[in-house]
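A short write-up of the structure that comes next.
Each reported figure results from applying straightforward, stated rules to the coordinates on display, with no laboratory input. Remember, predicted model here, so these are calculated numbers, not experimental data. Cβ sites come from the backbone with ideal geometry, for glycine too, and all protein chains shown count toward neighbours.
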Amino acid sequence: MPVWLIPMVYTLVSLVAATVLPRVEHALAPSFEIGISAGSALAVLTSIASGMMALTGIVFSIAFVMLQFSAVTYSPRFANRFARDPVLFHALGIFFATFTYSLAAAAWADRGGSGRVLTISSLVAVGLLFVSLVAFGLLMRRLGDLQITNTLRYIGDQGRKVIRQTFATLAPHAARRGGPRAEEAAPVPMTQMLRHAGPPRYVQRYDIPALIGLAEGVRARIKVECAVGDMMMDGSVMLRVLGGSGPIPEAALRRAVKLGADRTFEQDPKYPIRLLVDIAIKALSPAINDPTTAVQALDQIEDLL
């Protein structure tokens with residue numbers, strides 16, 4: 001699910017709950033009360049609703065200012081990680097849900113001049129307020145990762161992780177392959193060629209098991225012509241099929257190559273090094289002049305190499 005849909009889901013669920021729960025409580029527990037007057041309950045619910053919108057505006061204004069600062073100081077490509085962080089959108093969704101539920105629940109306080117307060121519905125609004133405070137704390141903790149030390153450590157950890165995963169993925173296939181290597185075997189005629197069609201895109205990952213399965217299905221070889229992280233232009237060759245008892249469906253080959261507008265850490269050990277180099281170069285620029293950050297970035301680069 002796209003991350004921008006997360007706040008919408010929270011808002012819709014809160015509206016459904018605010019519509020259904022008061023009716024269920026009114027039908028099943030009409031006499032349940034804890035001694036709160038209708039005026040007090042209405043004041044609490046309206047305060048939660050109005051205060052939550054103010055908090056949302058302040059928090060996310062500060063968050064996006066910090067993201068902009070990190071994009072200028074470190075690297076705009078790394079700042080995109082926080083701009084698409086699910087924690088950010090879950091926190092926004094919880095804030096929206098608290099606002100919409102409290103606003104809808106306030107309509108049931110003293111409904112029709114009865115002076116009654118739906119206690120359970122009001123307590124749910126208070127519970128959402130505490131959940132919002134927890135989400136606020138988690139969001140502030142996540143934004144704390146924008147500190148340069150945490151940033152460099154995260155990039156280095158992602159680089160080491162992808163290097164380990166790459167060797168762990170390729171080792172079983174290399175051991176199973178046996179026989180001569182593909183480039184040492186007898187020449188085999190090319191039977192298919194897969195080209196990129198469309199706007200420029202980066203190679204983000206290969207579905208290696210799927211490619212092996214497709215090749216084994218027709219007893220062919222699939223030669224990968226581009227590495228993960230390479231930019232594919234319109235017409236660029238991505239794969240070549242050598243030999244085989246029949247053609248491989250082009251749609252299946254395209255599904256095995258994931259393309260995207262940005263590079264990712266997945267299957268791309270060069271990308272963490274690229275980010276670290278960007279940070280080191282900016283740290284050494286006259287505008288920033290931070291040699292300590294450059295040395296820390298070089299330490300991570302050295303470890304990755």
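What is the chain's relative contact order, in percent, from Cα pairs under 8 angstrom and six or more apart in sequence? It would help to have the intermediate numbers written out before the result.
Values: 390 pairs, mean separation 57.4, N = 305.
Relative contact order for the chain comes out at 19 percent.
Can you give the relative contact order of segment 3-146 as a percent, counting alpha carbon pairs under 8 Å and 6+ residues apart? Provide the component values of the computation, followed by the final result.
Numbers: 148 pairs, mean separation 60.8, N = 144.
Computed value for segment 3-146: 42 percent relative contact order.
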If you place +1 on the Cβ of every Lys and Arg, -1 on the Cβ of every Asp and Glu, and leave all else neutral, what size is the dipole of the chain about its Cα centre, to the nearest 20 Debye? 680 debye
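In debye, nearest 20, what is the charge dipole magnitude of segment 227-274 about its Cα centre with +1 on Lys and Arg Cβ and -1 on Asp and Glu Cβ, if you could check? Walk me through the numbers on the way to the answer.
On the way: 7 positive and 6 negative charges, 17 e Å.
The dipole magnitude comes to about 80 debye.
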In a shell of Cβ-Cβ distance under 10 Å around Gly243, excluding Gly243 itself, what net charge do Lys and Arg (+1) and Asp and Glu (-1) give? +2
GNM on the chain, Cα springs under 10 Å; top mean-square fluctuation among Ala106, Ala43, Ala135 goes to Ala43
Distance in nm between pseudo-label sites at Val65 and Arg254 (7 Å out along the Cβ direction from Cα): 4.6 nm
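With the contact rule set at Cα under 8 Å and sequence spacing of 6 or more, what percent relative contact order holds for segment 184-260?
Details: 141 pairs, mean separation 36.0, N = 77.
It comes to 47 percent, rounded to a whole number.
Quick one: length gained pulling Arg274 to Thr166 fully straight, 0.36 nm per residue minus the C-alpha distance?
Result for the pair: 37.1 nm of gain on full extension.
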State the answer as a single residue: which of Pro249, Thr166, Thr100 lies farthest towards the positive end of the charge dipole of the chain, with beta carbon charges of +1 for Lys and Arg and -1 for Asp and Glu, about the Cα centre. Pro249
Among Val20, Val126, Val87: highest mean-square fluctuation, GNM of the chain, C-alpha pairs under 10 Å: Val20
Please compute the modelled spin-label separation between Ala197 and Gln147, points set 7 Å along Cα→Cβ, answer in nm with one decimal. 5.2 nm
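Would you mind working out the magnitude of the charge dipole of segment 3-146 relative to its Cα centre, with +1 at each Lys and Arg C-beta and -1 at each Asp and Glu C-beta, to the nearest 20 Debye?
Taking the Cα centre of segment 3-146 as origin, the dipole is about 340 debye.
Quick one: Trp108, Trp4, fewest Cβ neighbours within 10 Å first, how do they rank? Intermediate values should be presented prior to the final figure.
Numbers: Trp108 23, Trp4 10.
Sorted ascending by nearby Cβ count, the order is Trp4, Trp108.
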If unit charges are put on Cβ atoms (+1 for Lys and Arg, -1 for Asp and Glu) and the dipole of segment 186-305 is taken about its Cα centre, the option from Val295, Met238, Val218 lying farthest towards the positive end turns out to be Val218
Please arrange Val44, Val224 by how many other C-beta atoms lie within 10 Å of their C-beta, fewest to most. Val224, Val44
Value of Rg/Rh across the chain [Cα atoms, Kirkwood radius]: 1.15
State, to one decimal in nm, how far the label point of Ile58 lies from the label point of Asp207, with both points 7 Å from Cα in the Cβ direction. 4.8 nm
Between Thr191 and residues 5 or more places away or on another chain, which pairs have amide H atoms under 5 Å apart, with H built 1.01 Å from N, and which residues are they? Val241, Leu242, Gly243
Rounded to the nearest 500 deg cm²/dmol, what is the calculated helix-only ellipticity per residue at 222 nm for the chain, with -39500 (n - 2.57) per DSSP H run of length n ≥ 4? -21000 deg cm²/dmol
Of Val24, Ala63, Leu133, farthest towards positive along the dipole that unit charges on Lys, Arg, Asp, Glu beta carbons give segment 3-146: Ala63
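What is the sum of charges, Lys and Arg at +1 and Asp and Glu at -1, for the other residues whose Cβ falls under 15 Å from the Cβ of Ile288?
On the way: positive: Lys282; negative: Asp278, Asp290.
Summing Lys and Arg as +1 and Asp and Glu as -1 gives -1.
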Net charge around Ala135, counting only other residues with Cβ within less than 15 Å of its Cβ (Lys, Arg = +1; Asp, Glu = -1)? +1
What residues have an amide H closer than 5 Å to that of Arg205, excluding those fewer than 5 places away on the same chain, when H is modeled at 1.01 Å from N in the peptide plane? Lys258
Sequence ranges 234-240, 95-101, ranked by mean other-Cβ count within 10 angstrom, highest first: 95-101, 234-240
